[in-house]
Amino acid sequence: MLKDKTAVVTGSTSGIGLAYARAFAKEGANVLINGFGDAAAIEKERAAIESEFGVKAIYSPADMTKADEIAEMIALAEKTFGSVDVLVNNAGIQFVSPIEDFPIDKWNQIIAINLSSAFHTIHAAVPGMKSRKWGRIINTASAHALVASPFKSAYVAAKHGIAGLTKTVALETATFGITANAICPGYVWTPLVEKQIPDQAKARGISEEAVKRDVLLAAQPTKEFVTVEQVAALAVFLASDAAASITGSIIPIDGGWTAE
Ligand code: NAD
């Protein structure tokens with residue numbers, strides 16, 4: 001479905017992003033993966049994408065807090081593959097703290113990675129998409145783009161911001177064959193969720209088991225974590241021609257969380 005197309009996925013060395021990159025490669029797209037982590041492990045994932053799916057995969061270490069590195073990453077994909085057709089803004093971090101103790105540098109870092117980086121990638125990739133009259137911009141938002149939870153002020157603010165950015169870009173690109181949508185997962189079992197459990201336990205004064213049961217899965221009527229494969233399948237659909245009329249949509253995939 002995506003043969004001869006290129007997908008750039010930010011924050012794809014782990015979790016949901018890696019699942020997106022693999023799912024787009026499975027559809028025949030060449031991919032640029034990005035994110036932090038152990039160099040050998042990243043190289044192993046990159047090489048596995050090439051050998052399993054018969055596409056080209058390159059890695060960019062661009063730091064999503066740095067506008068110049070983000071522009072270089074988009075330019076690298078365009079230079080290597082000739083285009084950026086599917087742009088997935090997915091890099092994200094979490095920090096959990098009551099607002100009065102929330103470190104200012106964490107606020108700035110979360111706004112930079114979870115929100116501003118999407119502005120910078122879109123800013124760099126849209127001219128090429130407009131000239132080719134085809135593009136798919138897919139932003140990983142969160143159920144926290146639609147509702148809030150305590151102790152996540154920066155994350156919730158950034159994710160609500162991503163929803164607004166998505167809608168604005170959708171309006172600006174609607175007549176150019178480009179769609180922009182936001183995927184809003186509920187809790188997905190990834191390192192991002194696993195790592196916040198001790199902090200949630202501390203902030204709430206409860207055990208780690210109780211965080212999983214009474215905080216995370218309590219929010220999700222299915223009582224199941226969403227899987228990375230389910231999120232990636234939604235992104236693949238949004239990248240398809242069948243989804244050409246879906247734009248500016250903020251789409252929950254949250255086991256019913258935001259229906260309550
Ligand atoms: P993860 O921690 O597994 O992956 C995050 C990725 O972002 C990693 O590849 C990491 O290296 C990368 N990253 C972090 N800082 C970066 C930076 N400065 N520059 C470049 N890359 C950077 O987390 P995940 O759960 O897969 O999260 C992916 C996205 O999904 C995030 O935007 C997150 O907010 C969102 N999300 C996750 C959940 C969930 O329950 N896991 C739910 C809703 C939304």
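Nothing in this text is a laboratory measurement; each read-out follows from the coordinates by a stated rule. Values in this document were obtained by computation on a predicted structure and should not be read as measured data. Positions of Cβ are generated from backbone atoms using ideal geometry, with glycine treated the same way; all protein chains shown enter the neighbour counts.
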Next on the checklist: Please compute the contact order of the stretch 98-180 in relative form: average sequence separation of alpha-carbon pairs under 8 Å and at least six residues apart, divided by the residue count, as a percent.
Outcome noted: 39
Item to check | Protection proxy ranking of 179-191, 84-96, 238-250 - average other beta-carbon atoms within 10 Å, highest first | outcome: 84-96, 179-191, 238-250
Checklist entry - What are the semi-axes of the equivalent ellipsoid of the stretch 90-191, taken as the square roots of 5 times the eigenvalues of the Cα gyration tensor, listed largest first and rounded to whole Å? => result 28, 13, 11
Next on the checklist: Angle check, please: helix 228-239 long axis (alpha carbons) against the longest principal axis of the chain (alpha carbons), in degrees 0 to 90, nearest 10.
Outcome noted: 40
Item to check | Mean Cβ neighbour count within 10 Å, used as a protection proxy, ranking 58-64, 21-27 highest first | outcome: 21-27, 58-64
Next on the checklist: I'd like the orientation of helix 117-132 relative to the chain: the angle between its Cα long axis and the longest Cα principal axis, in ° from 0 to 90, rounded to 10.
Outcome noted: 30
Checklist outcome for this item: Rounded to a whole number, the Stokes-Einstein D of the chain in µm²/s (Kirkwood radius over Cα pairs; 10 °C; 1.306 mPa s) is 86
Checklist entry - Stokes-Einstein at 25 °C, 0.890 mPa s, Kirkwood radius from Cα pairs: D for the stretch 28-74 in µm² s⁻¹? => result 217
Checklist outcome for this item: the stretch 1-123: Kirkwood hydrodynamic radius (Cα pairs, Å) comes out at 14.8
Checklist outcome for this item: Mean Cβ-within-10 Å packing, highest first, puts peptides 151-161, 216-226, 198-208 in the order 151-161, 216-226, 198-208
Checklist entry - Dipole of the stretch 152-260, Cα-centred, from +1 at each Lys and Arg C-beta and -1 at each Asp and Glu C-beta, to the nearest 20 debye? => result 300
Checklist entry - Percent relative contact order of the chain, based on C-alpha pairs within less than 8 angstrom and at least six residues apart? => result 19
Checklist outcome for this item: If every Lys and Arg gets +1 and every Asp and Glu gets -1 at its Cβ, then about the Cα centre the chain yields a dipole, in debye to the nearest 20, of 480
Checklist entry - What is the stretch 178-244's relative contact order, in percent, from Cα pairs under 8 angstrom and six or more apart in sequence? => result 43
Checklist entry - Which length gain, in nm to one decimal place, applies between GLU209 and SER240 when the Cα-Cα distance is subtracted from 0.36 nm times their residue separation? => result 7.2 nm
Checklist outcome for this item: Which residues qualify? For ILE251, with a placed amide H closer than 5 Å and at least 5 residues away or on another chain, they are ALA182, ILE183, CYS184
